[in-house]
Amino acid sequence: PRTAVIVVAAGSGTRLGAPAPKAFVGIDERTVLRHALEGVFAAPPAQVIVVAPAGYEGEAESDARAAAGARGDLMRVVTGGQTRQQSVAAGLAALWGDVETVLVHDAARALTPASQIAAVIRAVSEGDGTGIVPALPVIDTLKQVDGDAVVGVADRSQLVAAQTPQGFPRARLEQAYERAAQEGAEYTDDAALYAAAGFAVQHIPGTATAFKITTPADLERARMLLAPRTT
Ligand code: C5P
């Protein structure tokens, strides 16, 4: 395949308060990572790089094998780093073959539908070197604060909430990562890092179910979505 999906799962997930790293917490009988990978392998064929926390490579491998099914030869597990950016860099270094499009996906967005992954791949291929971010409108009123004081309000119409996977032409993404490493700059998502290198980024519609599992309430929401209907 000319497309690769790097699934970053190397975070500790301290805000979830679970004993295991977040990607290895069970939603139902399947882990967060397993669910994320089910979506990735249901999308158009791509090479899949799973970035696991040090010491959890074996668990990641078995989740990935189970999700990959007949596509097992398209999958590789590597060890992540201290920051999300370092984990993505480790994934980029593990690409093989003639990949032209790279998607970076948070394992924590476990219930992201395959259709969203497919839409990002399509948008990158139709774009002219543009990075693609799935995003949702902002619902809440966002206040700017200074300590306890509310000092301003953001214009909601100019804001969206970014999700993953975010997709990019490989050559430009690698260039942007090299630049960030040289400058020692840390970015919270790939689109920001890509834009900092001077490349354009566009957003496409995201999906409510692609929310990121961060807190115990998020995990509960994922469990409710997966529970069999009783009515
Ligand atoms: O912490 P947060 O939920 O924002 O992390 C987003 C994603 O990045 C998660 O899927 C997490 O596993 C991943 N990550 C990583 N390596 C890190 C930190 C976060 O792969 N060092």
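The values are calculated or read from the model by the stated rules, or taken from the named source; none is laboratory data. Computed from a predicted structure; not experimentally measured. In this analysis, Cβ positions are derived from the backbone assuming ideal geometry, glycine residues included, and neighbour counts consider all displayed protein chains.
So is Thr214 in a loop (DSSP other than H, G, I, E, B), within 21 Å of Arg30 (Cα to Cα) and either of a type in the set (Ser, Thr, Tyr) or in contact (Cβ under 8 Å) with a residue 40 or more places away in the chain (or both) or not?
Criteria met by Thr214.
Residues being of a type in the set (A, V, I, L, M, F, W, C), within 14 Å of the ligand (Cβ to nearest atom) and surrounded by fewer than 23 Cβ atoms within 10 Å (Cβ to Cβ): count how many of those fall in the stretch 35-68.
Residues flagged as of a type in the set (A, V, I, L, M, F, W, C), within 14 Å of the ligand (Cβ to nearest atom) and surrounded by fewer than 23 Cβ atoms within 10 Å (Cβ to Cβ) within the stretch 35-68 amount to 1.
Checking the conditions here, which among Pro134, Pro169, Pro113 is within 26 Å of Thr214 (Cα to Cα) and either surrounded by 16 or more Cβ atoms within 10 Å (Cβ to Cβ) or aliphatic (A, V, I, L, M) (or both)?
When all the criteria are applied, what remains is Pro134.
If we scan the stretch 10-24, do we find a residue that is touching a residue at least 60 places away in the same chain (Cβ under 8 Å), touching a strand residue (DSSP E or B) at 6+ places or on another chain (Cβ under 6 Å), within 12 Å of the ligand (Cβ to nearest atom) and not in a helix (DSSP H, G or I)?
yes
Condition first: in contact (Cβ under 8 Å) with a residue 60 or more places away in the chain and either touching a Ser or Thr at 6+ places or on another chain (Cβ under 8 Å) or in a helix (DSSP H, G or I) (or both). Now tell me which residues in the stretch 195-211 satisfy that.
Ala195, Phe199, Ala200, Val201, Gln202, Thr207, Ala208, Thr209, Ala210
Tell me, which helices (runs of 4 or more DSSP H) wholly within the stretch 44-150 include 3 or more residues that are aromatic (Phe, Trp, Tyr) and under 24 Å from Leu219 (Cα atoms)?
none
Only one residue in Arg221, Arg229 is in a helix (DSSP H, G or I) and of a type outside the set (Ser, Thr, Tyr). Which one?
Arg221
Which one of the conditions (1) away from the ligand (no atom under 13 Å from the Cβ); (2) more than 24 Å from Tyr177 (Cα to Cα) does Thr112 fail to meet, given that it meets all the rest?
Every condition holds for Thr112 apart from (1).
Could you give me the residue pairs with C-beta distances under 7 Å whose first residue belongs to the stretch 162-188 and is touching a residue at least 60 places away in the same chain (Cβ under 8 Å) and part of a strand (DSSP E or B), whose second residue is surrounded by fewer than 20 Cβ atoms within 10 Å (Cβ to Cβ) and acidic (Asp, Glu) wherever it lies, and which are 6+ apart or on separate chains?
Gln166/Asp189; Pro169/Glu100
Could you grab me the full set of residues in the stretch 31-84 that are among the charged types (D, E, K, R) and in contact (Cβ under 8 Å) with a residue 12 or more places away in the chain?
Arg34, Glu38, Glu57, Glu59, Glu61, Asp63, Arg71, Arg76, Arg84
Which of the residues that make up the stretch 5-55 are basic (Lys, Arg), at pLDDT 95 or above and farther than 26 Å from Trp96 by Cα?
Answer for the stretch 5-55, where residues must be basic (Lys, Arg), at pLDDT 95 or above and farther than 26 Å from Trp96 by Cα: just Arg30.
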